[in-house]
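Participant: Sharing a structure here in structure tokens format.
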Amino acid sequence: MEHPENDKAYKGLKVNDGVEQPDIINPYLAGKRRKRAIQLSVDDYVDGILRGDVTILSRAVTLVESLLPEHQAVAQQVVERCLPYSGKSVRVGITGVPGAGKSTSIDAFGMHVLQQKGGKLAVLAVDPSSERSKGSILGDKTRMERLSQHPRAFIRPSASAGSLGGVARKTRETIVLCEAAGYDTVFVETVGVGQSETAVYSMVDFFLLIQIAGAGDELQGIKRGIMEMADGIVINKADGNNVDEASRAAAHYRNALQLFPMPDSGIRPKVLTYSGFYDIGIDEVWNMIFSYIDDVKISGFFDERRHRQAKYWMYESINEQLHSRFYNAPNMQRLLAEYEQCVQDGKLTSFAAASRLLQLFDEDYVR
């Protein structure tokens, strides 16, 4: 670079060249570009899942959870192709109040199953989504230290995304993929307790409710809906000075269950105590679950329950697709804004506005 200051007219002035600056790109990475993920075909996904390839299974689950229409189309084909290879696992739904120790318990339960029963375990852990940012921490793996390192365990945290009962929208399809990949035990962990946990009950063979003692009046938090759905209730953190309190809480729940009608399975739910942190009483909990599964298989209720679930999810899929078609219909966003303003201005009632919007949707869709 030439410096005009070095001209003879500026006698005694000398300007040196600056130090050459290095390239902002790491020389070791120069010329290398990040490889884009290879696009897989439906056959690639199905073949990879059937041979138990965890990477391809994870990518297939991502497709299932995607909202993009092109991803959904591929995902549906993959799920349908995997369906004949599914249905051979034991599905356990695990729910409970926040802080009950669900993730820690799943870590203990999962290790027990893998050690005693063998096979492979899939954990579908659903994280609550923020109502503001719609994001999730997805930190369940941090509380499943042993399972997350086990070669025969597959842990998939998913954002609830505001779905019913905190269950991810496509959890049922994910169960099908995991079963096709050879996972013979599937845990579905939910966000918390509520009437909407029907969604969990409608996709599992055993619904386990985890409670804790010492959080106030035990009966205060009992909801009839969740109690009637539970196939078994366990009181966690029954260790140290909390053993007696956990036993008293279990007695309260047993008394409460006597007031409920007999479940369709014909098996009255048991109430046990255990400690997920210290692995105390885990054997008894799983003996209860396996005994229940054996009994309902003999009675035929196991197959009947799965048939009911398939019917339930058919109608849920109809509702979901109608919801999607309504909001994605042409001009619907503009119409919604117009009628929303009419409701706010007091020109229309909410019910009248909804009725007219549905009528416009029907007319447009029929045409």
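Values quoted throughout were computed directly from the atomic coordinates according to the rules given, and no laboratory measurement underlies them. The structure displayed is predicted, hence computed values, not measured ones. Cβ sites come from the backbone with ideal geometry, for glycine too, and all protein chains shown count toward neighbours.
Participant: Pull up all non-local amide H partners of LEU272: gap of 5 or more, or a different chain, and H-to-H distance under 5 Å with H placed in the peptide plane.
Facilitator: Amide H neighbours of LEU272: ILE233, VAL234, ILE235.
Participant: Using a 10 Å cut-off on Cβ atoms, rank the peptides 171-183, 258-270 from the highest mean neighbour count down. Write out the running numbers ahead of the final one.
Facilitator: Numbers: 171-183: 23.5, 258-270: 12.8.
Ranked by mean Cβ neighbours within 10 Å, highest first: 171-183, 258-270.
Participant: Suppose the chain between ILE38 and LEU272 were pulled fully straight at 0.36 nm per residue; how much longer would it get relative to their current alpha carbon spacing?
Facilitator: Numbers: separation 234, 0.36 × 234 = 84.24 nm, distance 4.92 nm.
Stretched fully, the ILE38-LEU272 segment lengthens by 79.3 nm.
Participant: Now, a different point. Suppose R0 equals 22 Å. What FRET efficiency, 1/(1 + (r/R0)^6) with r the Cβ-Cβ distance, do SER247 and ILE298 give to the nearest 0.05?
Facilitator: On the way: r = 31 Å, r/R0 = 1.43.
Plugging the Cβ-Cβ distance into 1/(1 + (r/R0)^6) gives 0.10.
Participant: Continuing with the same structure: When the Cα atoms of region 263-367 are enclosed in a convex hull and the volume is divided per residue, what value in Å³ results?
Facilitator: Each residue corresponds to 212 Å³ of Cα convex hull volume.
Participant: Separate question: In nanometres, what is the gap between the two model label sites at GLU284 and SER58, each 7 Å from Cα along Cα-to-Cβ?
Facilitator: Modelled inter-label distance: 3.9 nm.
Participant: Using 25 Å as the Cα-Cα cut-off, could you pick out the over-long pairs in LYS237/LYS270; LYS170/LYS237; LYS170/LYS311; LYS117/LYS297; LYS88/LYS311; LYS88/LYS170? Kindly include the intermediate steps, with their values, before the conclusion.
Facilitator: Working: LYS237/LYS270 17 Å; LYS170/LYS237 32 Å; LYS170/LYS311 16 Å; LYS117/LYS297 18 Å; LYS88/LYS311 18 Å; LYS88/LYS170 19 Å.
Over 25 Å apart, Cα to Cα: LYS170/LYS237.
Participant: Can you list the residues, at least 5 places off or on another chain, whose amide H is less than 5 Å from the amide H of ILE280, using H built in the peptide plane?
Facilitator: Here SER275 satisfy the definition.
Participant: Hey, another quick one. Please list, in chain and number order, the residues 5+ apart from PHE154 or on another chain whose amide H is under 5 Å from its amide H, with Hs placed from the backbone.
Facilitator: HN-HN under 5 Å from PHE154: LEU121, ALA122, VAL123.
Participant: A further question follows. Using θ = phi - 60° and the Karplus relation 6.51 cos²θ - 1.76 cosθ + 1.60, list the HN-Hα couplings for region 244-251 in order, rounded to whole Hz, with x at every Gly or Pro.
Facilitator: Here the 3J(HN,Hα) series is 5, 5, 5, 5, 5, 4, 4, 5 Hz.
Participant: Kindly identify region 223-324 as rounded, prolate or oblate by the Cα gyration tensor criterion: order the square roots of the eigenvalues as a ≥ b ≥ c, call it rounded if a/c is under 1.5, otherwise compare a/b with b/c, prolate if a/b is larger, else oblate. Please report the intermediate quantities before stating the final value.
Facilitator: Values: a/c = 2.09, a/b = 1.83, b/c = 1.14.
It is prolate, given that a/c is not under 1.5 and a/b is the larger ratio.
Participant: Mind giving me the FRET efficiency for ASP345 and TYR315? R0 is 45 Å, r the Cβ-Cβ distance, nearest 0.05 is fine.
Facilitator: Working: r = 37 Å, r/R0 = 0.81.
Efficiency at R0 = 45 Å is approximately 0.80.
Participant: For a quick protection proxy, order the peptides 295-301, 282-288 by their average other-Cβ count within 10 Å, most packed first. Let's see the in-between values first.
Facilitator: Values: 295-301: 13.9, 282-288: 16.7.
Top of the packing list down: 282-288, 295-301.
Participant: Note down the magnitude of the dipole of region 39-85 about its Cα centre, charges +1 on Lys and Arg C-beta and -1 on Asp and Glu C-beta and zero elsewhere, to the nearest 20 debye.
Facilitator: Details: 3 positive and 7 negative charges, 19 e Å.
Here region 39-85 has a charge dipole of around 100 debye.
Participant: Same structure again: Once you have the Cα-Cα distance between GLN115 and ASP47, take 0.36 nm times their residue separation minus that, and quote the gain in nm to one decimal.
Facilitator: Values: separation 68, 0.36 × 68 = 24.48 nm, distance 2.82 nm.
Length gained, GLN115 through ASP47: 21.7 nm.
Participant: How much FRET efficiency would the formula 1/(1 + (r/R0)^6) give for LEU322 and GLN149, where r is the Cβ-Cβ distance and R0 is 35 Å, rounded to 0.05?
Facilitator: Details: r = 43 Å, r/R0 = 1.24.
That pair, LEU322 with GLN149, gives E of 0.20.
Participant: Now for a different question. Between LYS8 and ASN331, what length in nm is gained on full extension when 0.36 nm per residue of separation is reduced by their alpha carbon distance? Present the calculation step by step, with values, prior to reporting the outcome.
Facilitator: Details: separation 323, 0.36 × 323 = 116.28 nm, distance 7.51 nm.
That works out to 108.8 nm of additional length.
Participant: Please say if region 223-269 is rounded, prolate or oblate, where rounded means a/c under 1.5 for a ≥ b ≥ c the square roots of the C-alpha gyration tensor eigenvalues, and otherwise the choice is prolate for a/b larger than b/c and oblate otherwise? Let's see the in-between values first.
Facilitator: On the way: a/c = 2.71, a/b = 2.37, b/c = 1.14.
Since a/c reaches 1.5 and a/b is larger than b/c, the shape of region 223-269 is classed as prolate.
Participant: Looking at region 39-85, I'd like the Rg to Rh ratio, where Rg is from alpha-carbon atoms and Rh is Kirkwood's inverse mean 1/r. Don't skip to the answer; put the middle values down first.
Facilitator: Working: Rg = 9.6 Å, Rh = 10.4 Å.
Checking Rg against Rh, the ratio lands at 0.93.
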